[in-house]
């Protein structure tokens, strides 16, 4: 029962962190409160919804309304402490990195619990952590972060491999989850801090689709 409680705590913390990141970005785009809530909610539940549909289970938030409430608390936090929270340097990045690390672990756990192999679990972890951000960026008319040169999806894979390594070494579930999440967060922070990125695939200007059409 302790393991279940721990993964639920991770899930709610990830929801809050991702909701904050989405709401903070929506505030920068001058969205109203409802629009900011929608962006925060999509950021928080988008990846998990796609994961659950792929795993052929009922989307988690349809079984437990607490995720909607957590997003509301995130919105309220930004409204009440916005001038402090939003003005903090790198607020969006910090909450996004935390949410990414926590949600990847949740995705891996749920996939393994459903009986899928590790390679599927790692992919589901990546989807859980990154798909909500893709939908968020599309809603606010930004190029999705996962498609830029940032170490984002790759950080999810690294976290999945850390989880696999800890599992093979028979670490306690809580330690495995914690180390996997920390490895993702640290990877994101180090990649940004030292400007580590994936090489950009360069093409000729003549290959621009707008020019071809």
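The values are calculated or read from the model by the stated rules, or taken from the named source; none is laboratory data. As the structure is a prediction and not an experimental result, all values here were calculated from the model. Here the Cβ positions follow ideal geometry from the backbone for every residue, glycine too, while neighbour counts run over all protein chains shown.
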I need the full set of residues from segment 2-60 which are within 23 Å of residue 118 (Cα to Cα) and not in a helix (DSSP H, G or I), in order please.
55, 56, 57, 58, 59
On the basis of being surrounded by fewer than 23 Cβ atoms within 10 Å (Cβ to Cβ) and under 25 Å from residue 164 (Cα atoms), does residue 82 make the cut?
no
Note on segment 80-107: residues more than 15 Å from residue 9 (Cα to Cα) and modelled with pLDDT of 90 or more are 80
Checking the structure you have, find out if any residue of segment 189-204 is closer than 19 Å to residue 14 by Cβ, surrounded by 22 or more Cβ atoms within 10 Å (Cβ to Cβ) and touching a residue at least 40 places away in the same chain (Cβ under 8 Å).
no
